[in-house]
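Before any comments, here is the structure.
The values are calculated or read from the model by the stated rules, or taken from the named source; none is laboratory data. No experiment lies behind these values; they were computed from the predicted model shown. Glycine gets a Cβ as well: all are built from the backbone with ideal geometry, and neighbour counts include every protein chain shown. The accessibility values were calculated without ligands, DNA or RNA, using every heavy atom of the protein model including side chains. Shrake-Rupley method; radii C 1.70, N 1.55, O 1.52, S 1.80 Å.
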Amino acid sequence: MEVLALLGSPRRLGNSELMAKEISRQIPELHRLRLVRLAEMDIRPCRACYTCMFDEHTCPQKDDFSRILEALLKADALILAVPVYMLAANASLKRFLDRGLSLYSHFEQLWGKPAVAVAIAGIPGMEGYAKLCLDSALRLMGAQPKGSEVVYGALPGEVLMNQENLETAARLARALFAPAVSWQNQPWRCQACGGDTFRFLDSEKVRCMTCSSPGKAHITDGRISFAVEPPEDHFFLSLEGARRHLHWLQGMKQRFLDHKKELKSICLGYLHEGEWLEPREKSNRSTPSPDVS
Ligand SMILES: Cc1cc2nc3c(=O)[nH]c(=O)nc-3n(C[C@H](O)[C@H](O)[C@H](O)COP(=O)(O)O)c2cc1C
């Protein structure tokens, strides 16, 4: 079996790498560990061209993304280990995820791979929304989340000086290939996806920030619970939903063609407004033309 660790940190032998390796050591099942340091990979921005949804289903960007995708497809399970930067998972994870439209054509193979995630923060309590970033990343990758946790440690190596963190690694390792745990006895979680971050839309209505399902918060005997109702056509709680979303996205091409003239006229109405701060290497170029051709 092959376990793929996606690491967010640029630091060699930093806390993310050590946590991923410690989780791997503690996985009871025999496996080979493969590692990707996302921060050092050439992952260019999505150009929103939708090419990956049609024809050959490949992205025109020639960079390391396709190699990571290949490793993902081959893996039997995933470990995501990412440092907290500025209260969130660091940007290398987002850079990778922003190419996520390319994953849709591969969901038949990607769907349901067991995965665990760990965010490493330097200051206790200062993880911000990093855990949400990881939970959401696993869902967007079509993985089956088996657990995600936040641990603390600042200096490289410090994370493993703490017995509690070693126990967290062991817990995630045991969970990876174990049967999925039900959330029914954890009413403070989203009952559709297990997420634990909600946005309050008013004093009662909520939305799960991991799977976007709407719901309501209730307080009974001083305890909070969330009644969540995922929409029937939810697009990443099931493989069927992901397939439906792929078709919806593919339909955007025709929608664009149907409204092309009208859209172009709206965009061009804003062409000459404001003064641009140009990136250094572009400062000699003329005003960019709008991408509505
Ligand atoms: C740019 C930067 C921003 C950081 N922001 C946070 C933060 O918001 N909250 C926090 O608890 N730690 C923060 N840290 C500390 C790292 O999360 C911590 O050192 C972690 O162990 C790094 O993991 P690594 O060794 O795998 O890189 C930050 C570190 C850097 C370099």
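For the reader, a short list of remarks on this structure follows.
- Complete set of residues in segment 230-253 that are of a type in the set (Phe, Trp, Tyr) and either more than 26 Å from Cys52 (Cα to Cα) or part of a helix (DSSP H, G or I) (or both): Trp248
- Residue tally, condition among the hydrophobic types (A, V, I, L, M, F, W, C), over 23 Å from the mean Cα position of the chain (by Cα) and assigned to a loop (DSSP other than H, G, I, E, B), over segment 155-177: 1
- Among the residues making up segment 186-206, those that are of a type in the set (A, V, I, L, M) and either in a strand (DSSP E or B) or within 12 Å of Lys216 (Cα to Cα) (or both) are Leu201, Val206.
- Qualifying residue in segment 16-33 (condition: within 16 Å of the ligand (Cβ to nearest atom) and in a loop (DSSP other than H, G, I, E, B)): no
- First in segment 128-151 and part of a loop (DSSP other than H, G, I, E, B), second anywhere and of a type in the set (Lys, Arg) and open to solvent by less than 40 Å² (accessible area, probe 1.4 Å), Cβ under 6 Å, 6 or more apart: Ala143/Lys113
A quick yes/no check of all residues on (1) of a type in the set (D, E, K, R); (2) open to solvent by 50 Å² or more (accessible area, probe 1.4 Å); (3) free of Cβ contacts under 8 Å to residues at least 12 places away in the same chain:
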residue	(1), (2), (3)
Leu6	no, no, no
Arg11	yes, yes, no
Ser16	no, no, no
Met19	no, no, no
Glu29	yes, yes, no
Leu35	no, yes, no
Ala39	no, no, no
Ile43	no, no, no
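- Residues satisfying the stated conditions in segment 254-281, i.e. in a loop (DSSP other than H, G, I, E, B) and either surrounded by 10 or more Cβ atoms within 10 Å (Cβ to Cβ) or of a type outside the set (Asp, Glu) (or both): Gly269, Tyr270, Leu271, His272, Gly274, Trp276, Leu277, Glu278, Pro279
- Within segment 86-97, residues that are farther than 12 Å from Tyr129 by Cβ and touching a residue at least 24 places away in the same chain (Cβ under 8 Å) sit with their Cβ atoms under 7 Å from residues that are open to solvent by 20 Å² or more (accessible area, probe 1.4 Å) and more than 10 Å from the ligand (Cβ to nearest atom), at 6+ positions apart or across chains, in these pairs: Leu93/Cys133; Leu97/Leu140.
- A search for C-beta distances below 9 Å between a residue of segment 188-214 that is closer than 12 Å to Ser136 by Cβ and any residue that is open to solvent by 70 Å² or more (accessible area, probe 1.4 Å) and not in a loop (DSSP other than H, G, I, E, B), counting only pairs 6+ apart in sequence or on different chains, returns Cys208/Arg199; Met209/Arg199.
- Test: Asp63 is at pLDDT below 95 and charged (D, E, K, R): no
- Candidates Ala88, Ala81, Ala121 - the one that is within 16 Å of the ligand (Cβ to nearest atom) and touching a Gly at 6+ places or on another chain (Cβ under 6 Å): Ala88
- Total residues in segment 50-99, condition surrounded by 15 or more Cβ atoms within 10 Å (Cβ to Cβ), over 14 Å from the mean Cα position of the chain (by Cα) and assigned to a loop (DSSP other than H, G, I, E, B): 5
- Exactly one residue out of Glu229, Glu149 is at pLDDT 95 or above and either away from the ligand (no atom under 16 Å from the Cβ) or surrounded by 12 or more Cβ atoms within 10 Å (Cβ to Cβ) (or both), and it is Glu149.
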